[in-house]
1. Filter the stretch 69-105 down to residues that are free of Cβ contacts under 8 Å to residues at least 24 places away in the same chain and in a helix (DSSP H, G or I) and give me whichever is nearest to residue 33 (Cα to Cα).
2. Looking only at the stretch 151-168, how many residues end up being within 24 Å of residue 33 (Cα to Cα) and either assigned to a helix (DSSP H, G or I) or among the acidic types (Asp, Glu) (or both)?
3. Just to be sure I understand the filter: pairs with C-beta atoms under 7 Å, separated by 6 or more residues or on different chains, first member in the stretch 145-167 and surrounded by fewer than 18 Cβ atoms within 10 Å (Cβ to Cβ), second member of a type in the set (Lys, Arg). Which pairs pass?
4. Can you tell me how many residues within the stretch 127-144 are free of Cβ contacts under 8 Å to residues at least 60 places away in the same chain and not acidic (Asp, Glu)?
5. Would the stretch 84-98 turn up any residue that is under 30 Å from residue 31 (Cβ atoms), modelled with pLDDT under 90, over 18 Å from the mean Cα position of the chain (by Cα) and buried (at least 18 other Cβ atoms within 10 Å of the Cβ)?
6. Hey, does the stretch 169-187 have a residue that's part of a helix (DSSP H, G or I), within 22 Å of residue 48 (Cα to Cα) and of a type in the set (Gly, Ala, Ser)?
7. In the stretch 46-67, how many are out of contact with any Lys or Arg (no Cβ under 7 Å at 6 or more places or on another chain), more than 18 Å from residue 108 (Cβ to Cβ) and part of a helix (DSSP H, G or I)?
8. Here is a list: 124, 139. Which entry is at negative phi, surrounded by fewer than 19 Cβ atoms within 10 Å (Cβ to Cβ) and not in a helix (DSSP H, G or I)?
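The values are calculated or read from the model by the stated rules, or taken from the named source; none is laboratory data. Keep in mind that this is a model prediction, so the values were computed, not measured. Neighbour counts are summed over all protein chains in view; Cβ atoms, including those assigned to glycine, are modelled from backbone coordinates with ideal geometry.
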Amino acid sequence: MTELDSGFTLARQLLLAGDARLWNIVLLSLRVSLTATVLACLIGMPLGALLAVGRFPGRRVLVVLFNAMMGLPPVVVGLLVYLLLSRAGPLGAFGLLFTPTAMILAQMVLITPIVAALTRQVIADAWQEMHELLHSLGASRLRAAATLLWDTRFSLSTAALAGFGRAIAEVGAVMIVGGNIDGVTRVMTTTIALETSKGDLPLALTLGLILIVLVLAINGVIFAVRGWSERRWG
């Protein structure tokens with residue numbers, strides 16, 4: 001208990017001191033995870049909507065595949081992205097391995113299936129209620145998908161938050177493709193793992209607390225904006 005108390009005391013001192021190394025890690029974590037989430041939403045939400053309203057060969061297989069990919073092991077994603085970006089891989093010439101871009105790519109691959117699968121479920125529920133109206137208005141399935149994406153935009157914030165939560169808490173994939181290089185690719189989760197293994201509890205505790213607060217704050221802001229928007233626009 002004494003060690004834990006001492007760790008929290010030192011963590012508080014480190015936080016109040018405004019340590020530059022600490023905040024660089026936090027800002028890099030946010031940049032990587034927010035960028036990956038935005039890209040995953042731009043890809044996954046339209047894809048999920050098309051899976052919900054579309055009728056084409058192999059659709060059911062894709063739905064099952066995306067549902068299964070929600071449980072992709074991060075280390076497997078990290079390994080696949082590593083093989084793509086390594087010098088012997090098809091994208092090796094770009095020199096992206098062990099950079100924040102590689103970490104963004106790994107997180108995007110990891111969370112796009114989550115966003116797509118959750119979006120498909122939201123849009124499918126809305127399609128059940130509105131497909132007759134959309135058909136009567138002469139909307140094509142592509143136009144119907146776009147309309148339902150807009151109409152369910154508040155509900156889809158849950159899919160975006162689920163993707164962001166998975167991204168910001170991820171360790172294995174970003175450590176494999178980022179290398180956990182100090183000052184370059186070291187993010188909150190990889191730093192927590194490293195510093196805990198070294199016995200540096202104050203830094204690990206500080207980053208752990210910041211990580212929890214950030215996730216709660218972003219969720220709170222999104223739900224507050226969602227509630228305001230629903231009251232304003234119905």
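1. 101
2. Residues in the stretch 151-168 being within 24 Å of residue 33 (Cα to Cα) and either assigned to a helix (DSSP H, G or I) or among the acidic types (Asp, Glu) (or both): 12 in total.
3. 154/226; 157/226
4. Selection size over the stretch 127-144: 11.
5. Looking for residues that are under 30 Å from residue 31 (Cβ atoms), modelled with pLDDT under 90, over 18 Å from the mean Cα position of the chain (by Cα) and buried (at least 18 other Cβ atoms within 10 Å of the Cβ), one finds none in the stretch 84-98, hence no.
6. Looking through the stretch 169-187, none of the residues is part of a helix (DSSP H, G or I), within 22 Å of residue 48 (Cα to Cα) and of a type in the set (Gly, Ala, Ser).
7. Looking only at that region, the number is 8.
8. Result of the check over 124, 139: 139.
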